[in-house]
Amino acid sequence: MSEQRVALVTGASRGIGAAIAERLAADGFFVWGSATSEAGAERITQALGDQGSGLVMQLQSLASVNAAIEQIQGHGHVPQVIINNAGITRDNLMLRMSDSDWQDVLDTNLGGTFRVTKALLRGLVKSRWGRVINIGSVVGRLGNAGQTNYVTSKAGLEGFTRSLALEVGSRGITVNAVAPGFIETDMTDQLTDLQRGAMLERIPLGRMGQAAEIAALVSFLCSEEAGYITGQTLQVNGGLFLV
């Protein structure tokens with residue numbers, strides 16, 4: 001890159017988001033990573049060193065999103081890459097799910113993607129180059145009992161991806177989704193051996209994925225070589241779900 005490009009990765013303090021932020025920084029981007037707390041933002045800053053910085057952003061709040069973007073712009077940065085990774089779960093069977101559990105997940109996972117992308121989209125259009133990558137989930141296609149809210153949010157991301165791709169393709173902007181399967185993270189580390197064994201039996205490759213494998217695909221989608229790929233959902237799940 002003749003001029004350093006800027007990326008924003010939401011939910012970058014741990015897991016897949018942290019792996020993506022670190023990979024893009026290694027690729028030469030200056031990376032802004034969001035977290036929901038000052039401690040999380042500081043972890044991002046320490047991990048990225050001179051190649052990035054952490055900031056606090058609450059995706060449910062338009063005011064918080066706008067304040068974070070103003071902070072980025074205050075450093076003279078205009079992100080051309082948006083990685084919508086942050087998300088939450090509030091699992092429960094539908095009969096027991098509260099309105100707030102439904103709304104919180106939809107408002108964060110899907111509404112947050114809308115708020116962040118819309119706030120930055122004008123800059124991408126002006127640059128006539130951009131990458132928007134939405135991190136979905138294999139359950140967006142498979143479904144998952146006890147996660148109607150989460151699954152709906154991830155399925156919605158796929159529709160969002162296709163529609164936005166049609167709107168901005170003429171401006172040199174690609175929009176894609178990446179749908180991870182079961183990935184080794186701090187959350188899966190808490191599974192029992194029995195739960196892990198049952199999960200692995202469903203995966204043809206016989207193992208969980210690594211966050212670095214998701215980050216590698218995101219890295220490619222951010223590259224010039226991926227410039228003719230848009231409106232797609234790429235599944236990374238070890239064969240758990242075959243399109």
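The values are calculated or read from the model by the stated rules, or taken from the named source; none is laboratory data. None of these values were measured; they are calculated from a predicted model. When we count neighbours, we look across all protein chains shown, and the Cβ atoms used for this are built from the backbone with ideal geometry, even at glycine. Accessible surface areas use protein heavy atoms only, side chains included; no ligands, DNA or RNA. Shrake-Rupley method; radii C 1.70, N 1.55, O 1.52, S 1.80 Å.
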Exposed trypsin sites (Lys or Arg not before Pro) absent: longest stretch of the chain, with sites in DSSP loops and at most 12 other Cβ within 10 Å deemed exposed: 1-127
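Starting from 0.36 nm per residue, how many nanometres of slack lie between TRP129 and TYR228 once their C-alpha separation is accounted for? Before the final figure, lay out the partial values.
Numbers: separation 99, 0.36 × 99 = 35.64 nm, distance 1.24 nm.
Fully extending the segment from TRP129 to TYR228 adds 34.4 nm.
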Virtual paramagnetic centre 7 Å along Cα→Cβ of ASN92, amide N under 20 Å, in the range 133-154: 144-154
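What whole-number value in Å² describes the accessible area per residue of the range 1-128 for a 1.4 Å probe?
Working: 6380 Å² over 128 residues.
For the range 1-128, the per-residue accessible area is 50 Å².
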Accessible area of the chain belonging to carbon and sulfur atoms, whole % at 1.4 Å probe: 52
Degrees, to the nearest 10: 15-26 long Cα axis against longest axis of the chain: 30
Computed [θ] at 222 nm, deg cm²/dmol, the chain (DSSP H ≥ 4; -39,500 (n - 2.57); rounded to nearest 500): -13500 deg cm²/dmol
Hull shadow area, averaged, the chain [alpha-carbon convex hull, nm²]: 13.1
With Cα atoms, 0 to 90° folded angle of helix 62-74 axis to the chain main axis: 40
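Sort PHE29, PHE241, PHE114 by accessible area with a 1.4 Å probe, largest first.
My answer, sorted largest first, is PHE114, PHE241, PHE29.
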Between the range 142-220 and the range 48-123, the Cα center-to-center distance that results, in Å: 17
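Return one whole number: the accessible area per residue of the range 137-243 in Å², for a 1.4 Å probe. If you can, show how the numbers build up before the last one.
On the way: 5400 Å² over 107 residues.
Result: 51 Å² of accessible area for each residue.
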Cβ-Cβ FRET estimate between LEU191 and GLN71, R0 fixed at 41 Å, reported to 0.05: 0.65
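Can you pull the semi-axes for the range 102-243, root of five times each eigenvalue of the Cα gyration tensor, sorted largest first, whole Å?
Details: eigenvalues 168, 62, 30 Å².
Computed over the range 102-243, the values are 29, 18, 12 Å.
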Using alpha-carbon coordinates, inclination of helix 38-48 to the longest axis of the chain, degrees: 70
Values of log10 I(q)/I(0), in the order q = 0.27 Å⁻¹, for the range 179-243 under a Debye, Cα-only, solvent-free model: -1.19
Sites GLU213 and LEU142 - FRET efficiency at Förster radius 25 Å, r taken between beta-carbons, to 0.05: 0.85
